[in-house]
Amino acid sequence: MPSLRAAILPVTPFQQNCTILWSEVAKKGVVIDPGGDVSRILDAVAKSGISVEKILLTHGHIDHAGGAAELRERLGVPVEGPHQADLFLLEQLAETGRSYGISGSRDLMPDRWLVEGDQVMVSDIAFDVLHCPGHSPGSVVFVNREHRFAQVGDVLFRGSVGRTDLPGGDHASLIRSIKEKLLPLGDDVNFICGHGPTSTIGQERETNPFLI
Ligand SMILES: [Zn+2]
Ligand SMILES: [Zn+2]
């Protein structure tokens with residue numbers, strides 16, 4: 001990735017991979033899935049030396065979206081994503097945060113909902129939006145084919161797939177999303193997922209027990 005840079009910052013008790021993604025040329029970028037620990041995210045942004053232009057959300061779960069309202073306020077930038085089907089999750093972030101003991105979580109109305117085929121900009125680098133329901137109904141994946149890179153949220157993990165026992169989850173839809181939208185991206189596509197280590201589409205196609 002010559003001009004695209006990523007830094008992963010695990011946040012919340014769920015160790016969710018909040019990701020700062022930026023153009024090294026422009027020194028501008030985005031924060032993806034600021035689930036919480038907003039002060040630590042702001043410290044990491046300051047260390048990276050970039051200016052943040054927006055916040056992107058892969059889906060509406062607390063560990064991904066809980067800190068988005070506070071970060072939006074502190075940075076003065078818009079929130080884009082997820083798909084509107086996750087509205088019911090975003091409307092109960094404060095309550096869910098309280099039940100998990102995550103302080104500072106606030107309900108959120110994004111500035112832009114995303115649908116299949118949309119594009120989001122990370123500085124001057126365009127990412128395609130794939131709607132990948134199953135883990136949550138409004139989960140989206142951000143892909144840049146030129147850089148062979150995707151941010152997949154909790155849709156696909158190294159050696160596993162997203163859980164589907166939460167409200168709105170559906171295992172058959174999840175597997176269909178992965179097989180019809182992610183595997184065709186190509187074996188050499190690297191991805192950052194919501195939890196745990198990064199992987200490639202090829203490694204998961206060949207070894208992920210949920211995809212056999
Ligand atoms: Zn999730
Ligand atoms: Zn998660």
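The values are calculated or read from the model by the stated rules, or taken from the named source; none is laboratory data. Just so it is clear, the model here is predicted, and its values are computed rather than measured. Note: ideal-geometry Cβ built from the backbone for every residue, glycine included; neighbour counts use all protein chains shown. Note: areas computed on protein heavy atoms with side chains; ligands, DNA, RNA excluded. Shrake-Rupley method; radii C 1.70, N 1.55, O 1.52, S 1.80 Å.
Show me the GluC sites (Glu not before Pro) within the range 84-173 that DSSP assigns to loop and that have at most 15 other Cβ atoms within 10 Å of their Cβ. Counting only loop positions with at most 15 other Cβ atoms within 10 Å, the GluC sites (Glu not before Pro) in the range 84-173 are E91, E116, E146. Binning the C-alpha pair distances of the range 99-145 at 5 Å intervals from 0 yields a P(r) profile of 5, 17, 19, 20, 17, 13, 7, 2 %, listed from the shortest bin outward. Here's the picture: charge each Lys and Arg Cβ at +1 and each Asp and Glu Cβ at -1 in the chain, and of M121, F88, I50 the one pushed furthest to the positive end of that dipole is I50.
Dipole check for the chain: with +1 at the C-beta of Lys and Arg, -1 at the C-beta of Asp and Glu, and the Cα centre as origin, the magnitude is about 380 Debye. Ligands, DNA and RNA are left out, and with a 1.4 angstrom probe the accessible area of the chain is 41 Å² per residue.
Need one word for the chain: rounded, prolate or oblate. Basis is the Cα gyration tensor (sqrt eigenvalues a ≥ b ≥ c); a/c below 1.5 gives rounded, then a/b vs b/c decides. The shape class here is oblate. The orientation-averaged projected area of the convex hull spanned by the Cα atoms of the range 132-190 comes to 3.7 nm².
Summing Lys and Arg as +1 and Asp and Glu as -1 over all other residues whose Cβ lies under 11 Å from the Cβ of P13 gives a net charge of -2. Alpha-carbon geometry of the range 1-72: the Rg and the Dmax are 11.4, 34 Å, given in that order.
Ordered from highest to lowest accessible area with the whole protein assembly present and a 1.4 Å probe, K27, K181, K54, K47 read as K47, K27, K181, K54. Largest GNM mean-square fluctuation across V77, V140, V152, computed for the chain with C-alpha springs under 10 Å, falls on V77. Only lysines eight or more places from K47 in sequence, or on another chain, were considered; those with a Cα closer than 19 Å are K27, K28. In vacuum, with every alpha carbon of the range 86-212 counted as one equal point scatterer, what does the Debye formula give for log10 I(q)/I(0) at q = 0.09, 0.11, 0.16, 0.22 Å⁻¹? Two decimals, please. Relative scattering, expressed as log10 I(q)/I(0), comes to -0.27, -0.40, -0.83, -1.33.
So for each of 60-66, 12-18, 78-84, 107-113 I average, over its residues, the number of other beta carbons within 10 Å; can you give me the resulting order with the highest mean first? All intermediate terms of the calculation are to be shown ahead of the outcome.
Numbers: 60-66: 29.1, 12-18: 20.7, 78-84: 22.4, 107-113: 16.4.
Answer by packing, highest mean first, reads 60-66, 78-84, 12-18, 107-113.
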